[in-house]
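Novice: To start, I am sharing the structure in question, which I have written as C-alpha cells.
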Amino acid sequence: VARRHGYDKFPDDMRTFRPTTVREDSFIDVSGRLRELMGGMGFLEAKTSPFAPTDEGDVRLLNPLSEREDHLRRDLLTGLVHRAEYNFARGQRDVRLYEIGTAFASSDAELPDEEIRIAAIWTGGRTPLHWSGGADDWDVWDLKSIFEDVAAVAWPDAEIRPADARDEVDLEEPLALVLTEGRTIARAGRVPADKVEAPRWAADVWGLEVAIQPGRPEPTHYQPLPVYPLVERDLALIVPAGTLASEVGVVIRDSSPPFLESLSVFDVYEGENIPEGTRSIAWRLRFRSPDRTLTDEEVDAAIRRITSALEEKLDVGIRGA
C-alpha cells in the first residue's frame, strides 16, 4: 500500500489513524475538550492512584495490593490535595493540577457504582512572578470562573449556584452544580485549612470536582457576523437579598423578545440609599435583530415587559423608580 501510494506522500509526522466509520465514544470527545481547556489555563494533568486508605474510600477491596490502601477512592479531589502537599514539602508554592478519572461508591448491587469525573486543585499566584510587579493569589472569583468553564464542558445542562447544607459540600465558600431535578453533581470551593498540610507561606488551596455527563455534547453552531446595529440598555434593579442574580437573569431572558442578543451584570452595590435587606444589581441588555434595524419603540416595549415580569415573579423593581 505504501509503495502504491508513494513514500514521499506520507507526512513527516505520522499520527494515529482509525480506518472506520464508527464514531468514537462521547467520553473521548468530552475528555479531549476538558484537557484542552485545562491545559490552556496552565494546569498539568496528574494521575493519582484509585486505591485509598479506609478514611478516603467506601468500597473495600477483596484482595488489596497493600494493607494501607485497601479501599477504592470515593473522590478525586482528596488525591490531588495530597499532590499539593507533596509540592509544598518541596518548596513549591504555585501548583495547578487536574485529573480525569473514576470515583467509586458502595452499592446494593454486586459491583460498586463508578462515575467518571474531572477534579482540579490550584494554589499560589495567579501569574508567574515578574520584575514588573508581584502576582496576586487566586481568589473566589477565579474559582467561579474556572468552575463555570469546566462545568460548561463536563455537564452543560446543569446550573451553578452557591452551595448550602443540602449539597453536603465540605469546602469553604462553596459552589454547587445542580441538575434540574435538584441532584448535586459537582462541588467547588476552598479546601479547609485542617484538610491540607500546608506551610505558613502557602496560599489558599482551591478545588473542584465535576461529574462528566454521559452522552455526546451538542455541536458548536456558528453564525455570520451581525450586519445591523445593536441597542444597549442598562437596568439598575433592587433585588431582595435572598434572590440570586441567576434567577433574575432567567426571568429577563424568558420575558424578552427574540432579539435580546446578550445579558450581563456590570455592577453590584450594597449600602447607603438601598433599602435594608436588598442589593442593587445593574444589568446591561443588548438588543439586535438579524434582519433589520430596531426602533426605540420596540426596545422600550421590551424593557417594559421585562420589568413587569421581574416585579411580578421576583418582587424586583427598578432602582430609583
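Novice: Please determine, in degrees from 0 to 90 and to the nearest 10, the orientation of helix 26-40 with respect to the longest principal axis defined by the Cα atoms of the chain, where the helix direction is its Cα long axis.
Specialist: 80 degrees
Novice: Could you check how much of the accessible area of the stretch 243-300 is carbon and sulfur, as a whole percent, using a 1.4 Å probe?
Specialist: 46 percent
Novice: Between Ile303 and Asp157, take the C-beta separation as r, use R0 = 30 Å, and let me know the FRET efficiency to the nearest 0.05.
Specialist: 0.50
Novice: Also, quick follow-up: Using Cα pairs under 8 angstrom and six or more residues apart, how large is the relative contact order of the stretch 102-164, in percent?
Specialist: 18 percent
Novice: From the helices alone, meaning DSSP H stretches of at least four residues, give me the mean residue ellipticity at 222 nm for the chain, per-run term -39500 (n - 2.57), in deg cm²/dmol to the nearest 500.
Specialist: Mean residue ellipticity, 222 nm, calculated: -7500 deg cm²/dmol.
Novice: So if each residue of separation counts as 0.36 nm, and I subtract the Cα-Cα distance between Asp25 and Gln92, what length gain in nm does that give?
Specialist: 20.4 nm
Novice: Turning to a different aspect of this structure: Looking at the calculated P(r) for the stretch 47-143, what percent of the C-alpha pair distances fall above 24 Å?
Specialist: Tail of P(r) above 24 Å: 36 percent of Cα pairs.
Novice: So, one more: Taking the C-alpha atoms of the stretch 172-213, how large are the radius of gyration and the largest Cα-Cα span, Dmax, in Å?
Specialist: Every Cα atom of the stretch 172-213 included, Rg and Dmax give 13.2, 43 Å.
Novice: What is the Cα coordinate range of the stretch 113-182 on the first, second and third principal axes, sorted by size from largest, in whole angstrom?
Specialist: On the principal axes, the stretch 113-182 reaches 50, 24, 21 Å in Cα extent.
Novice: State the answer as a single residue: which of Ile100, Gly79, Trp206 lies farthest towards the positive end of the charge dipole of the chain, with beta carbon charges of +1 for Lys and Arg and -1 for Asp and Glu, about the Cα centre.
Specialist: Sorting the options by dipole projection puts first Ile100.
Novice: Mind sorting out which of [x] 71, 65, 57; [y] 75, 68, 51; [z] 61, 49, 37 is the real Cα extents along the principal axes in Å computed from the coordinates?
Specialist: Of the listed options [x] 71, 65, 57; [y] 75, 68, 51; [z] 61, 49, 37, [x] comes from this structure.
Novice: In a shell of Cβ-Cβ distance under 9 Å around Ala282, excluding Ala282 itself, what net charge do Lys and Arg (+1) and Asp and Glu (-1) give?
Specialist: That sum, taken over residues with Cβ under 9 Å, equals 0.
Novice: So if each residue of separation counts as 0.36 nm, and I subtract the Cα-Cα distance between Asp137 and Glu272, what length gain in nm does that give?
Specialist: 45.5 nm
Novice: OK, next. Once you've got the GNM for the chain with C-alpha springs shorter than 10 Å, pick whichever of Arg68, Arg96, Arg126 has the biggest mean-square fluctuation.
Specialist: Result for the chain, Cα springs under 10 Å: Arg68 fluctuates most.
Novice: While we're here: Skip the ligands, DNA and RNA, and give the accessible area per residue of the chain with a 1.4 Å probe, whole Å².
Specialist: Value returned for the chain: 63 Å² of accessible area per residue.
Novice: Using only Cα atoms, locate the centre of the stretch 172-186 and the centre of the stretch 259-294, then give the distance between them in Å, rounded to an integer.
Specialist: The two parts, judged by their Cα centres, are 26 Å apart.
Novice: On to the next question. How many Lys pairs in the chain lie less than 28 angstrom apart by Cα atoms, where the lysines are 8 or more positions apart or on different chains?
Specialist: Taking the chain as the scope, the lysine pair count is 4.
Novice: Using alpha-carbon positions, what is the distance between the centroids of the stretch 131-157 and the stretch 192-206, in Å?
Specialist: 18 Å
The values are calculated or read from the model by the stated rules, or taken from the named source; none is laboratory data. Note that the coordinates shown come from a computational prediction; the quantities given were computed from them, not determined experimentally. Note that each Cβ is placed from the backbone with ideal geometry, even for glycine, and that neighbours are counted across all protein chains shown. For the accessible areas, the whole protein counts, side chains as well, though only heavy atoms, and no ligand, DNA or RNA atoms are used. Shrake-Rupley method; radii C 1.70, N 1.55, O 1.52, S 1.80 Å.
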